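First the structure, in the form of structure tokens, and then the observations on it.
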Amino acid sequence: PIADPAADAAVRGDDRSHVFHSWSAQALIDPLPVAGGAGATFWDYAGNSYLDFSSQLVNLNLGHQHPDLVAAIQEQAGRLATIQPSMANATRGELARRISEIAPDGFSKVFFTNGGADANENAVRMARLVTGKRKVLAMYRSYHGNTSTAITLTGDPRRWANEPADASVVHFFGPYAYRSPFHADSPEQEAERALAHLEQTIILEGASTIGAIIIESVVGTNGVLIPPPGYLPGVRELCDRYGIVYIADEVMVGFGRLGTWWGFENFDVVPDLITFAKGVNSGYVPLGGVVISDRIAAHFDTVSFPGGLTYSGHPLACAPGVATFEVFRRDGILERVRDLGERVVRPRLEQMAARHPSVGEVRGLGLFWAIELVRDRQSREPLVPFNAAGADAAPMAAFAAACKKAGLWPFTHFNRVHVAPPLIISEDDLVRGLDVIDRALEVTDAEVAS
Ligand code: PLP
């Protein structure tokens, strides 16, 4: 990249004067002006380039400016740029068919939305209409989106200032072996006790009032929490026993992040509704949706579904979705994610865990990993407190700054670093990025030692 101070100043100027940013105190932020990107890298106007180890917001599965996705958008724009959802469209129909082909047996229909939040919003709506029951159970450690029901489903602190947007949501504890809310000392015990807790929650809230349980198949932003063996099948069993719809939120892990099309495939379970967004087209044009089991879809065969969006199944968004399927097949994306995850990332992160006193645990699957940072490995005290901001979060900010200085854009959240690069990253770049993280951990080691 070539430094262009005039462009840098112009982009920064318009942004600071006129763009109101997400989740931020507007006067306290300094958004990086980005000039361009290619593959796993993007660059600014100051001559710096960054290896994107966060895939933007864990959506850029096929990387920046993938030629097949860009061409698909251009081709579709030249043919039919938009069409309203109540008409049939070739590109939308093809994408829906391809998604149903990778879904479990008995999932034939797809409802398209503009992103992940409204996918969850509409999945909950379907569950409520089909069961006639309003309440929804969701995990404390979760993120499900920013619209009214989705932000209420969200367990993390982004919910707090928005409460109560939907009075019919109840939170429960999911499994988290490293910080077990159940004082379990094995994954089996964690699964068993988490299921007992969930069943007690169902009984005390009243099974006759609960329409749905929504779970990220691997909790994403809130920790890359891999469910212990038996947990999700146990949730399935509880849902069957109590007449509850099981919604799998696959917005972050669907479309290859774990080396499988869907996250739940790793855990021997089939939900009733699957929500997706992000990786379906790498976020090149906003798109999300709900894959609907035939039993639930049949409910709406003769009863109208009371929901819709002007841009449901927008052809410009569906075209890169169709291209995504082609690229995954041609380039063996799922296989390479599994290979890189196990052969390159897992051993390297385990080495870091052994070497760096500030690393408490590493965990993950495919190209989705967390490094959990602690002050003390014995007590497991987090490096920074839950929901830390400002001065409290300084050690994490120092870590992120060290990464950026070395040309890597990291994903950090509370006391964790996530490793979530584009699935097309080269092995060399992956190793180079892990080298940067390894060195930057010396900053957090020093914090722990002081
Ligand atoms: N669900 C999960 C698991 C997510 O990670 C996100 C976004 O990060 C969402 C839902 C919300 O998606 P969107 O921001 O597209 O509305």
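Observations on the structure shown:
- Tally of residues being without any contact (Cβ under 8 Å) to a residue 40 or more places away in the chain and either among the small types (G, A, S) or not assigned by TED's automatic domain parsing to the domain that holds A167 (or both) across region 207-244: 1
- Hits in region 264-279 - residues which are assigned to a helix (DSSP H, G or I) and either surrounded by 21 or more Cβ atoms within 10 Å (Cβ to Cβ) or within 16 Å of the ligand (Cβ to nearest atom) (or both): F264, N266, F267, K278, G279
- For first residues located in region 142-166 and in the same structural domain as V218 (by TED's automatic domain parsing) and more than 15 Å from M252 (Cβ to Cβ), partners that are basic (K, R) and within 11 Å of the ligand (Cβ to nearest atom) and lie 6+ apart or on another chain with Cβ distances below 8 Å form the pairs I151/R158.
- In region 92-112, residue nearest to the ligand (Cβ to nearest atom) [restricted to those that are outside any helix (DSSP H, G or I) and under 21 Å from the mean Cα position of the chain (by Cα)]: F112
- Close pairs from region 100-120: first in contact (Cβ under 8 Å) with a residue 12 or more places away in the chain, partner of a type in the set (K, R) and near the ligand (Cβ under 9 Å from one of its atoms), Cβ under 8 Å, at least 6 apart: G116/K278
- Some residue of region 215-233 being away from the ligand (no atom under 16 Å from the Cβ), buried (at least 18 other Cβ atoms within 10 Å of the Cβ), more than 14 Å from the chain's Cα centre (by Cα) and of a type in the set (S, T, Y): yes
- Residue match in region 354-374 (condition: polar (S, T, N, Q) and within 17 Å of T412 (Cα to Cα)): yes
- The one condition in (1) surrounded by fewer than 18 Cβ atoms within 10 Å (Cβ to Cβ); (2) outside any helix (DSSP H, G or I); (3) of a type outside the set (G, A, S); (4) within 28 Å of the chain's Cα centre (by Cα) that D68 fails to fulfil: (2)
- Selection status of P410, touching a Cys at 6+ places or on another chain (Cβ under 6 Å) and in contact (Cβ under 8 Å) with a residue 40 or more places away in the chain: yes
- Index of the failed condition, K135 passing every other in (1) farther than 15 Å from A277 by Cβ; (2) within 11 Å of the ligand (Cβ to nearest atom): (2)
- Note on region 234-245: among residues that are of a type in the set (A, V, I, L, M) and not in a helix (DSSP H, G or I), the one that is nearest to the ligand (Cβ to nearest atom) is V245.
- Contacts under 7 angstrom Cβ, first residue in region 283-295 being on the phi < 0 side of the Ramachandran plot and at pLDDT 95 or above, partner away from the ligand (no atom under 13 Å from the Cβ) and among the polar types (S, T, N, Q), 6 or more apart: V291/S100; D294/S108
- W369 meets the conditions (1) under 22 Å from P227 (Cα atoms); (2) surrounded by 18 or more Cβ atoms within 10 Å (Cβ to Cβ); (3) over 22 Å from the mean Cα position of the chain (by Cα) in every case but one. The failed one is (3).
- Residue check, A248 more than 11 Å from the ligand (Cβ to nearest atom), outside any helix (DSSP H, G or I) and not assigned by TED's automatic domain parsing to the domain that holds R416: no
- Condition check for L51: crowded, with 17+ Cβ neighbours inside 10 Å, within 30 Å of A370 (Cβ to Cβ) and either within 16 Å of the ligand (Cβ to nearest atom) or of a type in the set (D, E) (or both): no
- Some residue of region 394-409 being crowded, with 18+ Cβ neighbours inside 10 Å, among the basic types (K, R) and not assigned by TED's automatic domain parsing to the domain that holds P228: no
- Of residues in region 114-131 being away from the ligand (no atom under 11 Å from the Cβ) and polar (S, T, N, Q), the one farthest from E250 (Cα to Cα): T131
- Count of region 314-330 residues which are crowded, with 24+ Cβ neighbours inside 10 Å and not hydrophobic (A, V, I, L, M, F, W, C): 4
- Residue match in region 172-179 (condition: within 15 Å of the ligand (Cβ to nearest atom) and out of contact with any Pro (no Cβ under 8 Å at 6 or more places or on another chain)): no
The values are calculated or read from the model by the stated rules, or taken from the named source; none is laboratory data. Nothing here was measured: the structure is a model prediction, and the numbers come from that model. All Cβ positions, even for glycine, are placed from backbone atoms using ideal geometry, and neighbour counts span all protein chains on display.
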